[in-house]
Every structure is written in C-alpha cells, then in structure tokens.
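The values are calculated or read from the model by the stated rules, or taken from the named source; none is laboratory data. In this text the structure is predicted, and so the values were computed from the model without any measurement. As a convention, Cβ positions derive from the backbone with ideal geometry for all residues, glycine included, and neighbour counts pool all protein chains shown.
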Amino acid sequence: MGTAPSIKVSIVEDNKVIRETLRSLFIFEEGIEVFTVHSNAEDAQLRLDGVCPDVILMDINLPGASGIDCVRSLSQRCSGTQFLMYTVHDDDHRVFEALKAGANGYILKSSTPDEILTAIREINEGGSPMSAHVARRVVAHLRPQRNGTIGLQDGLSEREQQVLALLAEGLLYKEIGERLGISTGTIKQHIHRIYEKLHVQNRTEAVNRYFGR
C-alpha cells in the first residue's frame, strides 16, 4: 500500500523570522511539503498563477496588497486550494472579511506548532480550523440573530445534531470528541456528512445554518 502524498503548503508572510520558522516547521514534518514561500501578496499572485498548492498559509497584514486581497484573487485561480489565515488579528471585521474572501480557516499567531500542523492537516481534509477564540467570536456575532428555529430538519441524525450544536459553540474537534466520548476521526466523519446534508462548504456556513441564517 502506497503512502499518502504530502500536503503541499505555500507560506505568504512578510516577517522573515516567522516565515523561516514556519518553513523549518514544515520541512521537518512528515507528510507536509513546502511548496513555495512568499514575502508579499504580489509575489504569491505571480508565482502561483496556474500552479497551486494544497494549502496556503496566509498572513493578513502584508506590504502592498493585503492577505485578504490575495485570497480573493488566488481563490479564483486555485479552486482546489485551501486558504488558512495566520494572523495576530482576531477582530470581527478582519475575520469575516477573510472568510467572505474565500478563506477556509483562521488561526492566530499565538497558536503552538502542534496547533498549526493540526490546522494544516484538518483544512486539507475539508475541515475549517479556527482558533477557539476566533470561533467563539464568530458564534457571538451570529447569536443575536438567532430566530429561535435551529433548522435541523435536514436529515441530520441525533448525533449529527449534537455535533453541530457543539461546533456552533466554538469547540474544537478534539473537544467535541471528548464531550461526546468519540474519536476525533469520527467527529470529522460526522461533520463531513453534516456539510453534505446542509449543502455547506465550511464551518462558518454550517454555524450560519444552525442559527437559522
């Protein structure tokens, strides 16, 4: 049986120290391959024109065009690429602008190396990793607009309803698994089926459905 192909990751980060730290982290991690490294959005847009990685780890504050602008541009050309924002900013405006631009996940630079690697693998498998603090801000933003109808009559099983409710609380996959007494792998399977049944692509859209939007 052959081994699974490595996850090809591009890094877009203007801070040289952070950029090289990330490069070193990925180089020495089995199953992850550094595809390209860029110090600004313009270089990423030029070099990734038609040649796309599996995941792009994207800073927001870049010289020239912002990381959000870069995601908006590249997402049109790299339909199979997953965009993971990696930033110090967790304010509502930047979070939602990044997600609307096409980002699939959003983690903070305070994340540990293990959290970064987990997020890379999770987003490559179709998940939408978010730092817990960011996920809770998303939920807090949506909660006042709840209309009292959860909208779970879309063929979801009881277990899937439980998983979605905990997802909407901002819990990580591991935390949901611990709460329900099942493995992280099983949680991912449930979430994949939830996305299919609700006809959504990511965590944010699923949470929107949960709150009746």
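Which number in (1) surrounded by fewer than 16 Cβ atoms within 10 Å (Cβ to Cβ); (2) within 16 Å of the chain's Cα centre (by Cα) marks the one condition that Gln189 misses?
(2)
Given the conditions (1) in contact with a helix residue (DSSP H, G or I) (Cβ under 8 Å, 6 or more places away or on another chain); (2) under 22 Å from Gln76 (Cβ atoms); (3) not hydrophobic (A, V, I, L, M, F, W, C), which single one is not true for Asp43?
(1)
Scan the range 197-213 residue by residue and report those that are in a helix (DSSP H, G or I) and in contact (Cβ under 8 Å) with a residue 12 or more places away in the chain.
Across the range 197-213, the qualifying residues are Lys197, Leu198, Arg203, Thr204, Ala206, Val207, Asn208, Arg209, Tyr210.
If we only count strands (runs of 3 or more DSSP E) wholly inside the range 1-79, which ones have 2 or more residues that are closer than 23 Å to Lys100 by Cα and of a type in the set (Val, Ile, Thr)?
7-12, 55-58
Take the residues of the range 85-137 that are closer than 20 Å to Ile176 by Cα and among the charged types (D, E, K, R): which is surrounded by the fewest Cβ atoms within 10 Å (Cβ to Cβ)?
Asp114
May I ask you to verify whether Ile194 is of a type in the set (A, V, I, L, M, F, W, C), in a helix (DSSP H, G or I) and modelled with pLDDT of 80 or more?
yes
Out of the range 22-33, which residues are more than 17 Å from Ile60 (Cα to Cα) and either surrounded by 14 or more Cβ atoms within 10 Å (Cβ to Cβ) or touching a helix residue (DSSP H, G or I) at 6+ places or on another chain (Cβ under 8 Å) (or both)?
Arg23, Leu25, Phe26, Glu29, Gly31, Ile32, Glu33
For the range 25-32, state whether one or more residues are under 20 Å from Glu122 (Cα atoms), within 19 Å of the chain's Cα centre (by Cα) and of a type in the set (Val, Ile, Thr). Can you show your working first?
We begin by selecting, within the range 25-32, every residue under 20 Å from Glu122 (Cα atoms); these are 25-32.
Of the ones still in play, those that are also within 19 Å of the chain's Cα centre (by Cα) are 25-26, 31-32.
Of the ones still in play, those that are also of a type in the set (Val, Ile, Thr) are 32.
Yes - at least one qualifying residue is present in the range 25-32.
Within the set of pairs 6 or more residues apart or between chains, which connect a residue that is assigned by TED's automatic domain parsing to the domain that holds Val163 inside the range 175-188 to a residue that is basic (Lys, Arg) and at pLDDT below 90 with Cβ atoms less than 7 Å apart?
Taking only residues 6 or more apart or on different chains, the pairs are Thr184/Lys174.
Please tell me if Asp43 is modelled with pLDDT of 95 or more, within 13 Å of the chain's Cα centre (by Cα) and of a type outside the set (S, T, N, Q).
no
Could you please find all residues in the range 113-130 being modelled with pLDDT under 90 and either part of a helix (DSSP H, G or I) or within 16 Å of Thr186 (Cβ to Cβ) (or both)?
Those that are modelled with pLDDT under 90 and either part of a helix (DSSP H, G or I) or within 16 Å of Thr186 (Cβ to Cβ) (or both): Glu125, Gly126, Gly127.
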